[in-house]
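The values are calculated or read from the model by the stated rules, or taken from the named source; none is laboratory data. None of these values were measured; they are calculated from a predicted model. Counting neighbours? That spans all protein chains shown, and the Cβs are built from the backbone with ideal geometry, glycine included. To get the accessible areas, we keep the full protein, side chains included, count just its heavy atoms, and leave off ligands, DNA and RNA. Shrake-Rupley method; radii C 1.70, N 1.55, O 1.52, S 1.80 Å.
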Amino acid sequence: GHAALSPGENLLVTHNLTQGDFQVHQFPGTPAEAIPGVMSTWHRIIQGVFAEEGKIIVCGSDHGTVYVVDTATREILQKLSGSGLMQVIAAAKHEDGYDMIVGGSSFGGFEAYMWVKEPFKSANEPPATGFMVVYAKWFSIAKQAAYCVL
């Protein structure tokens with residue numbers, strides 16, 4: 001499967017290929033705890049990563065959904081729509097202060113998605129409650145082959 005270490009290096013999130021779930025391991029030595037409701041059915045490596053300074057875990061899936069999970073409670077905060085096998089996941093904070101999630105689908109056609117969560121700009125404005133898609137692009141194998149030939 002896949003494993004990612006939290007920024008504080010006290011948690012490890014893993015994708016269990018045998019059981020199809022994501023699990024959180026807390027150091028030192030506590031038993032792994034499955035994240036409820038985040039499952040895959042195919043035996044494919046799917047990434048899970050920590051984001052927002054470790055406050056959330058972002059998990060891919062084999063059915064087009066990217067899950068945003070609260071690290072402390074293991075509650076699903078948001079389901080982001082993609083397509084197919086959302087296998088590759090990355091998260092980062094942009095220099096302008098907003099959080100980004102990027103996901104890639106590798107089943108059939110190749111697609112890339114980017115979701116952002118805008119920061120709040122003042123104390124009077126509530127913080128953003130979730131991520132929204134800002135980019136979706138489909139890449140065909142034929143186009144990629146043509147670019148390689150050129």
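Using a probe of 1.4 angstrom and keeping all protein chains present, the accessible surface of region 5-92 works out to 48 square angstrom per residue. Counting protein heavy atoms only, region 1-116 has 55 percent of its accessible area on carbon and sulfur, 1.4 angstrom probe.
Couplings for region 67-72, taken from phi via the Karplus curve 6.51 cos²θ - 1.76 cosθ + 1.60 with θ = phi - 60°, read 9, 10, 10, 5, 5, 6 Hz in order; Gly and Pro are left as x.
Near residue 25, within a Cβ-to-Cβ distance under 15 Å, what is the net charge of the other residues, with Lys and Arg +1 and Asp and Glu -1? Walk me through the numbers on the way to the answer.
On the way: positive: 74; negative: 9, 21, 33.
Net local charge, residue 25 excluded: -2.
Between residue 10 and residue 93, the C-beta separation translates, for a Förster distance of 22 Å, into a calculated FRET efficiency of about 0.65.
Take every Cα pair under 8 Å whose residues are at least 6 apart in sequence, average their separation, divide by the length of region 1-68, and the relative contact order is 27 percent. Computed over region 23-71, the percent of Cα pairs more than 12 Å apart is 65.
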